[in-house]
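A.B. asks: I have a structure I would like to understand better, so I am pasting it below and will then ask my questions one at a time.
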Amino acid sequence: MKRVVAIIRPFKLDEVKDALAEIPIGGMTVTEVKGFGRTGGKKEVYRGSAYVVDFVPKVQIDVIVPDAQVDSVIDAILKSAKTGRIGDGKIFVYPVDDVIRIRTGERGEEAI
């Protein structure tokens with residue numbers, strides 16, 4: 001099993017959610033986050049004064065999937081989240097040792 005974490009633009013969330021639902025996946029967790037990459041944030045102008053917004057709002061999507069679905073999940077996120085501009089985000093893939101469903105006690109892929 002793998003944990004796929006995608007940091008994307010907030011306005012792309014619905015497109016990514018719909019693309020992942022077509023696979024289908026068992027579920028996802030969405031968190032509003034802030035951060036910056038290579039650009040170090042973005043410049044804004046407020047009442048004539050320029051200032052730098054250090055942390056840019058993003059959305060983090062966490063999905064746990066069987067190894068066989070990892071490539072299709074990554075492809076779905078790439079196609080639906082891409083705008084072609086700087087700041088589209090990143091995808092991280094982590095190994096998952098075990099998953100336990102609290103209600104039933106199921107373990108492993110059955111618990112996803």
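A.B. asks: With the crude spin-label approximation of a point 7 Å out along Cα→Cβ, what separation in nm comes out for residue 62 versus residue 85?
C.D. replies: 2.9 nm
A.B. asks: Once Rg and Dmax of the Cα atoms in Å is worked out from the coordinates, which option in (1) 13.0, 39; (2) 17.0, 63; (3) 16.8, 59 does it equal?
C.D. replies: (3)
A.B. asks: Still on this structure: If the cut-off is 18 Å between C-alpha atoms, which aspartates and glutamates fall inside it for residue 79, apart from same-chain ones fewer than 8 positions away?
C.D. replies: 14, 15, 18, 22, 62, 71, 88
A.B. asks: Sticking with this one: Pairing the Cα long axis of helix 70-81 with the longest principal axis of the chain, what angle in degrees results, from 0 to 90 and rounded to the nearest 10?
C.D. replies: 30 degrees
A.B. asks: Quick one: work out the % antiparallel among DSSP beta bridges in the chain, nearest 5.
C.D. replies: 100 percent
A.B. asks: Give me the number: length gained by fully extending residue 93 to residue 49, i.e. 0.36 nm times residue separation minus the C-alpha to C-alpha distance, one decimal in nm.
C.D. replies: 11.8 nm
A.B. asks: Now, a different point. Report, in deg cm²/dmol and to the nearest 500, the calculated mean residue ellipticity at 222 nm for the chain, where each DSSP H run with n ≥ 4 adds -39500 (n - 2.57) and the sum is divided by the residue count.
C.D. replies: After summing the helix terms and dividing by the residues of the chain, the value is -5500 deg cm²/dmol.
A.B. asks: Same structure again: Of the options 60, 11, 70, report the single residue whose Cα projects farthest towards the positive end of the charge dipole of the chain (beta-carbon charges: Lys, Arg +1; Asp, Glu -1).
C.D. replies: 11
A.B. asks: In debye, nearest 20, what is the charge dipole magnitude of the stretch 2-111 about its Cα centre with +1 on Lys and Arg Cβ and -1 on Asp and Glu Cβ, if you could check?
C.D. replies: 740 debye
A.B. asks: Looking at 35, 112, 94, which one has the Cα that reaches farthest to the positive end of the dipole of the chain (charges on Cβ: Lys, Arg +1; Asp, Glu -1)?
C.D. replies: 35
A.B. asks: Based on the mean of other Cβ atoms within 10 Å per residue, sort peptides 93-104, 63-74, 16-27 so the most packed one is first.
C.D. replies: 63-74, 16-27, 93-104
Where a number appears in this text, it was derived from the coordinates with a stated rule and is not lab data. Just so you know, these numbers come straight off a predicted model, no measurement behind them. In this analysis, Cβ positions are derived from the backbone assuming ideal geometry, glycine residues included, and neighbour counts consider all displayed protein chains.
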